[in-house]
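Notes follow once the structure below has been shown.
The values are calculated or read from the model by the stated rules, or taken from the named source; none is laboratory data. Keep in mind that what you see is a predicted model, and the values were worked out from it rather than measured. Here the Cβ positions follow ideal geometry from the backbone for every residue, glycine too, while neighbour counts run over all protein chains shown.
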Amino acid sequence: MTALRGLAAWTGPVLLGTLTTRVAAGAPDAPMLVLAAVVAPLVALLQPRVDEPPPHLVSAAATGVSATLILAASFVPLGDVAALLGGRRWHGVVVAAALLLLLALMPGVDRWRPVGLAVGGAALVLGLLALASVTALSPWTAWRDAAARPALVFSAHSPWVTDGGWFARRATLTFGEGHRLVAVAPATFRVVEQDGTGDVVRDWRLAAGDPLSVRPGDRVTVEAGTRVRFQAGKRVPGAAPSGAAWADAGAASGVGSVAVLLTLVLGAVGLVPAAGRRGFVAPATLLTLALAAACWGFYAVATAPDVMLSGSVAEPLLRVSSAVPGARHLAPLGVVALVALFVAAAGALRERVSILTGARATVVWLTAVAVAAVASLWPFDPWRLLLAGLGLAAATLAAPRLAGAGAARVGGWPLHAIGALTGGAVFAALVALGPRLPAALAFAAEWPVVLAAPAALLVVKLLR
Amino acid sequence: MSAARWRWFGMLTLTLLLLPLLLLTLVPGAPGAVRIGGVSLAWWYAGLVAPTLATVLATAVLVRSSE
């Protein structure tokens, strides 16, 4: 497996889309995520090259479950794309699953995986260059302009204002000022109004063209698929109140930041194979993709801060171009980028699964695709799904490898399988026990990798 | 130094590149929010300096360990 082919598992649509949306939302952990997105897979590429131990059922199962979780996360943005374009979520998921099934049945298609990564990356970068050209803003000027905005408001050119946008998933919007929404298609809106000391809940069934007036402090819940128009010049609900507030996002959570770093770095080690002699292109490719995703976030805030309103990680890549006069024809580039990166990532995951499952690789892979596609129809947060897959890979694959399990055996069992079993068992136990854990271990329920990976590492070290 | 040792050195150094940002975002007083040339220190580090250093370092280690 070349470094670029292995890297494709990392640069999937969820990771890059999350970087863009976190940057655009001004999340406190956004700079950390961008840096970790570059550093984590580089650590994985540099891991010493060792002969892979013979496949074992436990490691194969751990790889299969991790890959399925990551694949399910990757299906979600494609379902969102269908919803954001006015279709149904399942349309996007079915098309994406059919594409993977078709590719799985075509011989020799693995050779072309770097092409998918190149096409997706090129679309991402081309779109960015076009945005920079049309807006005449360099990425750092876009950041400065975004930070200087007195308020993050709906642009007059935004699709949410001109044609009306679709919500990809159920969302609750909190309004900081009065606003007049217009239902583009018939829909029900749940409005929670603050009335003295209590809340008053009202359900409004609106026909196409009906307005809904909300007051400051109102919370409006909209269902997935609802199509709404907002007023230009009004503050974007849920966005930072001003550019300065966006730029100075505040302090990130200490435990959360360390846990995410641990998950990303060890997850990458479990997922991305060591680079060989000709792996020099991979680091530069990675740098380009991660920084391009972050820069999309800068341009989103500078030009159209409403593009993360729908709650989808795919939205900025689809809608920033549409909201910038002169760049509307570039909108398809976002779709091309998401689909190509999805295909490349799925191909890399398939290769990881195939190495460990041998002759049954195709059956195992098709099962993983089917399970992941069905799971992605639930309204999961794709970032949490991705972290779950990476966390499991960290505890079951990376930790035993870093502990030096190699091909050693104990009691007839491969040491890497014992490590994987330990890491997987601790991970599953923490997830299952979740709310019943004592308060001091609450962080472990949210971030099981924090205990599961050290447990696997310790067991392997002790048994070596 | 053997190829494996170079790789371990690279892995450790890359991981250490994350620490300054962790400190910038967690330390009270938000030193990461200090603006340099209009852009915050945290973003200069996370969006330019550290990723570039990491990429150069990883490429150098890959070249060195393949000789």
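Any residue in region B:19-38 that is facing chain A (nearest Cβ under 10 Å) sitting within a Cβ distance under 9 Å of a residue that is part of a loop (DSSP other than H, G, I, E, B) and among the hydroxyl-bearing types (S, T, Y)? List the pairs, counting only those 6 or more apart or interchain. Listed by first residue and then by second, the contacts come to B:L26/A:S253. Of the residues making up region A:22-52, those that are in contact (Cβ under 8 Å) with a residue 12 or more places away in the chain and facing chain B (nearest Cβ under 7 Å) number 12. Looking only at residues of region A:180-206 that are within 31 Å of the chain's Cα centre (by Cα) and touching a residue at least 40 places away in the same chain (Cβ under 8 Å), we find that the one that is surrounded by the most Cβ atoms within 10 Å (Cβ to Cβ) is A:L181. The sole residue among A:L266, A:L261, A:L349 that is buried (at least 20 other Cβ atoms within 10 Å of the Cβ), away from chain B (no Cβ under 12 Å), out of contact with any Lys or Arg (no Cβ under 6 Å at 6 or more places or on another chain) and in a helix (DSSP H, G or I) is A:L349.
Could you grab me the full set of residues in region A:333-368 that are out of contact with any Asp or Glu (no Cβ under 7 Å at 6 or more places or on another chain) and within 14 Å of A:M106 (Cβ to Cβ)? Listed by number, the residues that qualify are A:V343, A:A346, A:R350, A:T362, A:W365, A:L366.
Within region A:270-317, the set of residues being within 11 Å of another protein chain (Cβ to nearest Cβ) and not in a helix (DSSP H, G or I) comprises A:A274, A:A275, A:G276, A:R277, A:R278, A:G279, A:F280. Take region A:195-218 and flag every residue that is modelled with pLDDT of 90 or more, assigned to a strand (DSSP E or B) and not aliphatic (A, V, I, L, M). Correct list: A:R202, A:D203, A:W204, A:R205, A:P211, A:S213. Considering B:S2, B:S65, which residue is buried (at least 18 other Cβ atoms within 10 Å of the Cβ) and more than 7 Å from chain A (Cβ to nearest Cβ)? Checking each option against the conditions leaves just B:S65. I'd like to know if region B:11-19 contains one or more residues that are buried (at least 19 other Cβ atoms within 10 Å of the Cβ), outside any loop (DSSP other than H, G, I, E, B) and not hydrophobic (A, V, I, L, M, F, W, C). No, region B:11-19 contains no residue that is buried (at least 19 other Cβ atoms within 10 Å of the Cβ), outside any loop (DSSP other than H, G, I, E, B) and not hydrophobic (A, V, I, L, M, F, W, C).
A quick yes/no check of all residues on (1) outside the structural domain of A:V255 (by TED's automatic domain parsing); (2) surrounded by 24 or more Cβ atoms within 10 Å (Cβ to Cβ); (3) closer than 18 Å to A:V269 by Cβ:
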| residue | (1), (2), (3) |
| --- | --- |
| A:T21 | no, yes, no |
| A:A25 | no, no, no |
| A:V38 | no, yes, yes |
| A:P41 | no, yes, yes |
| A:A44 | no, yes, yes |
| A:R49 | no, no, yes |
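Which residues, counting only those in region A:165-180, are in a loop (DSSP other than H, G, I, E, B) and farther than 20 Å from A:G79 by Cβ? The answer is A:F175, A:G176, A:E177, A:G178. Kindly indicate whether A:T285 is closer than 30 Å to B:A58 by Cα, polar (S, T, N, Q) and in contact (Cβ under 8 Å) with a residue 40 or more places away in the chain. It is true that A:T285 is closer than 30 Å to B:A58 by Cα, polar (S, T, N, Q) and in contact (Cβ under 8 Å) with a residue 40 or more places away in the chain. Set side by side, the residues A:A388, A:A393, A:A361, A:A417 differ, and just one is under 22 Å from the mean Cα position of the chain (by Cα), assigned to a helix (DSSP H, G or I) and closer than 14 Å to A:A60 by Cα, which is A:A393.
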